[in-house]
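The values are calculated or read from the model by the stated rules, or taken from the named source; none is laboratory data. Every value quoted in this text rests on a predicted model; they were computed, and no experiment measured them. Note that each Cβ is placed from the backbone with ideal geometry, even for glycine, and that neighbours are counted across all protein chains shown. In case anyone asks, the SASA skips ligands and DNA or RNA and just uses the protein heavy atoms, side chains included. Shrake-Rupley method; radii C 1.70, N 1.55, O 1.52, S 1.80 Å.
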Amino acid sequence: MQYSDQLLQAIDDYLNGKATATEHQMVNDWYHSFDDAEVSVDVDDADYAKLVEARLKLRVYESTGITVEAKEARTVKLWPRIVAVSRSKFGTSLIAAAAVAFLVLGVYFFNYHSDRHPDAGQDPGLAMNDIAPGKNGATITLANGKVIQLSDAKTGVVIGEDLKYSDGEILRDALDDKGTEDLTASTAKGQTYEFTLPDGTHVWLNADSKISFPSQFIGKTRKILLEGEAYFEVAKNKKSPFVVKTREQEVMVLGTHFNINSYADESSVKTTLFEGSVNVSRLLTKVGANKDLGGKTLKPGQQSILNKENFKVIEANMDEAIDWKNGDFVFKGESLESVMRRVARWYDVEVSYSSDELKNITVGGFVSRSRSISAVLELMERTGKVNFKIEGRKIIVTKLK
């Protein structure tokens, strides 16, 4: 869909509180023209407002094509037709009231810094060699080495007495008649999957990630190993703490929601807490001369960052921390190198730079992970600083001349 200068001006006037009645109607008609106008959300989710806000930002950004660097956050009323789906004991009337209460949200409006017109079409060079986004997919490796390929038509698998998909379809009649066995669940680049562990804990694996765990949790702790990135909704059990061990750290919880990013090619391990409480402890390594091994307890909305030099706690950017789980890329003041690592994992590509200085360019913006790679690259080209070329499964980054 093409967007005229008149519509872009109407959006700008509306965000500034200067819109005429005609412009109000124009923006209203534009907003309700989307196929995904109805959004299903769970009002019990503590991050409800942030989730809806992120979707609105993404809708404004992707539909207008206005470029990546935020001008400022302004408050504006919008009219999403929200279908509230809740398990709340308070009933539908209060659910509806809660939905209405969150309609006043901050929406980013973007400056256009590129010489190309906002209505310009997709870069033909990128579109010609386009790469499709990642999809559902994973494997489970049994103790005997057998690898079970999980269906990309399914979204999740439940590990219990049987292995079965979340819709009830059985994969294997029994894991091990003799008792507990060690299992490994893995996603390759360009894959994501949900796993329900034997204790009822839900784990969403991002691309190029792996968890190792027993087919039954026996003993005083429920311990798993993680490589890569995962979001956890831990089943509560006061008698058996849930422990996630990654490179250089260990996270202990009783029952809570949190995300861990522990990719080996990242400079730090990030743990972000969404609900409850977690304790994060540094592990003693052969190389680590840092003696700060004390644990740090996180509160909801906080993130611990652990690297060779530091172990600190900050207020987290919650949208960005689990953008991948929500099906988005959210880039806020990140280096191009950091952004392209995330892109490479999801689209299963290799990235090369014509010069190292390009790696430090700052990038910001929102784009859906369901879009092809050309949409993501074109978004970053609109900074007016870089150019991308696709050769097979290789992305070449050059300086814009």
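Computed values, structure above
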read-out: Protection-proxy order for peptides 299-309, 363-373, each taking the mean of Cβ atoms within 10 Å per residue, highest first; value: 363-373, 299-309
read-out: Shape of segment 246-401, Cα gyration tensor, a/c cut at 1.5; value: prolate
read-out: Loop-resident sites, segment 131-171, for trypsin sites (Lys or Arg not before Pro), counting at most 10 other Cβ within 10 Å (DSSP); value: LYS146
read-out: Per-pair calculated FRET efficiency, R0 = 35 Å: GLU315 and ILE148 via Cβ, rounded to 0.05; value: 0.30
read-out: Rounded to whole Hz, the Karplus (6.51, -1.76, 1.60) HN-Hα couplings of segment 335-345, x for glycine and proline; value: 6, 4, 4, 5, 4, 5, 5, 5, 4, 4, 5
read-out: Of all accessible heavy-atom area on segment 168-263, the percent that carbon and sulfur account for (1.4 Å); value: 47 percent
read-out: Sites ASP356 and THR155 - FRET efficiency at Förster radius 51 Å, r taken between beta-carbons, to 0.05; value: 0.80
read-out: Accessible surface of segment 287-401, 1.4 Å probe, proportion on carbon and sulfur as whole %; value: 46 percent
read-out: Segment 354-370 - phi-based ³J(HN,Hα) in whole Hz, Karplus 6.51/-1.76/1.60, Gly and Pro as x; value: 6, 7, 5, 4, 5, 5, 9, 5, 8, 10, x, x, 9, 7, 6, 6, 7
read-out: Mean Cβ neighbour count within 10 Å, used as a protection proxy, ranking 183-195, 235-247 highest first; value: 183-195, 235-247
read-out: Cβ-derived FRET efficiency at R0 35 Å, GLN9 paired with ALA132, nearest 0.05; value: 0.50
read-out: Protection proxy ranking of 350-356, 386-392, 252-258, 264-270 - average other beta-carbon atoms within 10 Å, highest first; value: 252-258, 386-392, 264-270, 350-356
read-out: Residues whose placed amide H lies under 5 Å from that of TYR353, excluding near-sequence neighbours; value: VAL397
